Amino acid sequence: MLKNAIDWASRPVEWTPLDQKPIGIIGASDGPWGTTRAQMHLRQILTGTNSLVMVRPEVYVERAPQYADTDGNLIDEKIRDGARRYVIALAAWARRVER
C-alpha cells in the first residue's frame, strides 16, 4: 500500500509534492531484521520521486513487541533514546536541505 501511495503522490512528475522534500525512514518489526530490507527498498523507490532521503542515522527495531507495553507504549529506554536522536537528526536534515 505504501508503494501505491508513493506512486500516486509522485504524479505528475513535473510537480510532485515529494520533489526535493526531506524524508526520514525508520521501522520496527517482530522479526530479527527490523525492516532492513523494506527500508532499503523504500530508499530505492524514493529516488524516483527526487525526494531527499536522510541516509544516516538508521533505525531498525527488531523484535519490536518486546519493547512495548500492552497499550503499545515504548518502554525500552535504549530504543526511546534512539528514536529521540533520530527525530533530532531528521530535523537537522530538514533544515540543511531546506530550499
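Bear in mind these aren't lab numbers, they're just calculated from the coordinates by the rules spelled out. Values in this document were obtained by computation on a predicted structure and should not be read as measured data.
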* To do: Quick one: compute the contact order of the stretch 2-96, relative version, from alpha carbon pairs under 8 angstrom and 6+ residues apart, as a percent.
  => 28 percent
* **Whole-angstrom gap from the stretch 11-53 to the stretch 64-89, using each part's C-alpha centre** => 21 Å
* To do: Working from Cα positions, state the angle (0 to 90°, nearest 10) between the long axis of helix 36-47 and the longest principal axis of the chain.
  => 20 degrees
* Any idea what the alpha-carbon Rg over 2.2 N^0.38 Å comes to for the chain? -> 1.20
* **Rounded tilt (10° steps) of 77-96 against the dominant C-alpha axis of the chain** => 20 degrees
